[in-house]
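Novice: Please find one structure pasted underneath; my questions will follow.
The values are calculated or read from the model by the stated rules, or taken from the named source; none is laboratory data. Predicted model only: the values in this text are computed from it and were never measured. We place every Cβ from the backbone using ideal geometry, glycine too, and count neighbours over all the protein chains shown.
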Amino acid sequence: MEKTSPNAFIRILNAFIVAVVLLIFYIAWTHVTIVGNWVVIFITAFLVSLIFVQASELPKVTVKKVVYSVIYIFYLFIAIVQSNFDVARRVIQPHIPINPGIVKVKTRLKSKIGRMILANSITLTPGTLSVEVKDDYYYIHWIDVTDMDVEGATEKIVAGFEKYLEVIFG
């Protein structure tokens with residue numbers, strides 16, 4: 001009987017953990033209570049995770065990172081709600097007060113997954129859209145450009161997300 005190598009075991013364990021986390025998010029967001037759906041979602045998430053997740057790409061899980069992740073979810077939710085109200089306020093005014101444009105912002109994040117989550121968070125927030133990423137810079141379409149300066153735009157668009165993502169992903 002052939003023994004499983006430690007690397008294979010770690011890979012399977014990582015895929016299992018990712019699948020469990022994805023299943024928890026699925027249940028939390030859909031409120032589906034059908035166990036058959038849970039099984040299908042878990043198996044699919046496990047197989048996809050097994051194929052695509054590399055152990056070296058996963059951040060180490062610590063209590064601090066878990067706490068920051070929970071806080072980040074609330075921060076993102078609040079940012080989305082505030083931006084929705086801001087865009088709605090602009091739309092209902094007789095003269096739409098916008099000054100659209102593309103601004104360049106800089107990120108301190110080094111991990112690929114942290115950068116991807118930052119770009120998606122910016123895009124999820126109404127009034128901003130991640131257009132392109134080049135090196136440490138993001139090009140963001142902004143509904144109301146109030147600062148063309150890289151540092152100023154970075155502070156207004158990126159800094160809030162980055163302070164949590166930097167702790168979670170580095």
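Novice: Specify which of the listed residues (E151, E155, E166) is farther than 29 Å from W29 by Cβ and surrounded by 13 or more Cβ atoms within 10 Å (Cβ to Cβ).
Specialist: E155
Novice: Any residue at all in segment 78-87 that's surrounded by 14 or more Cβ atoms within 10 Å (Cβ to Cβ), charged (D, E, K, R) and under 17 Å from the mean Cα position of the chain (by Cα)?
Specialist: no
Novice: Return a yes/no flag: does segment 28-41 have any residue that is outside the structural domain of I122 (by TED's automatic domain parsing), in contact with a helix residue (DSSP H, G or I) (Cβ under 7 Å, 6 or more places away or on another chain) and not in a loop (DSSP other than H, G, I, E, B).
Specialist: Yes, segment 28-41 has at least one match.
Novice: I102 versus (1) free of Cβ contacts under 8 Å to residues at least 24 places away in the same chain; (2) among the hydrophobic types (A, V, I, L, M, F, W, C); (3) not in a helix (DSSP H, G or I): which is the lone unmet condition?
Specialist: Result: I102 passes all but (1).
Novice: Give segment 65-93 a look and list any residue that's of a type in the set (A, V, I, L, M), without any contact (Cβ under 8 Å) to a residue 40 or more places away in the chain and closer than 21 Å to Y164 by Cβ, or say none.
Specialist: Across segment 65-93, the qualifying residues are V66, V67, V70, I73, I78, V81.
Rundown of residues vs (1) in a helix (DSSP H, G or I); (2) farther than 18 Å from S69 by Cβ; (3) free of Cβ contacts under 8 Å to residues at least 12 places away in the same chain, yes/no style:
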| position | (1), (2), (3) |
| --- | --- |
| L109 | no, no, no |
| L118 | yes, no, no |
| T123 | yes, yes, yes |
| V131 | no, yes, no |
| Y139 | no, yes, no |
| D147 | no, yes, no |
| A153 | yes, yes, no |
| K163 | yes, no, yes |
| V167 | yes, no, no |
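Novice: So, one more: Of the residues S49, S111, which is surrounded by 12 or more Cβ atoms within 10 Å (Cβ to Cβ) and in contact with a Pro (Cβ under 9 Å, 6 or more places away or on another chain)?
Specialist: After applying the criteria, what remains is S111.
Novice: With respect to the numbered conditions (1) closer than 23 Å to E166 by Cα; (2) of a type outside the set (D, E); (3) modelled with pLDDT under 90; (4) part of a loop (DSSP other than H, G, I, E, B), which one is the sole condition not fulfilled by I96?
Specialist: Of (1) closer than 23 Å to E166 by Cα; (2) of a type outside the set (D, E); (3) modelled with pLDDT under 90; (4) part of a loop (DSSP other than H, G, I, E, B), only one is false for I96: (1).
Novice: Pick out the one residue from S83, S111, S121 that is at pLDDT below 90, over 17 Å from I17 (Cα atoms) and assigned by TED's automatic domain parsing to the domain that holds V133.
Specialist: S111
Novice: Just for segment 88-126: of the residues that are over 13 Å from the mean Cα position of the chain (by Cα) and among the small types (G, A, S), which one is farthest from D149 (Cα to Cα)?
Specialist: So, considering only residues that are over 13 Å from the mean Cα position of the chain (by Cα) and among the small types (G, A, S), the one farthest from D149 (Cα to Cα) is A88.
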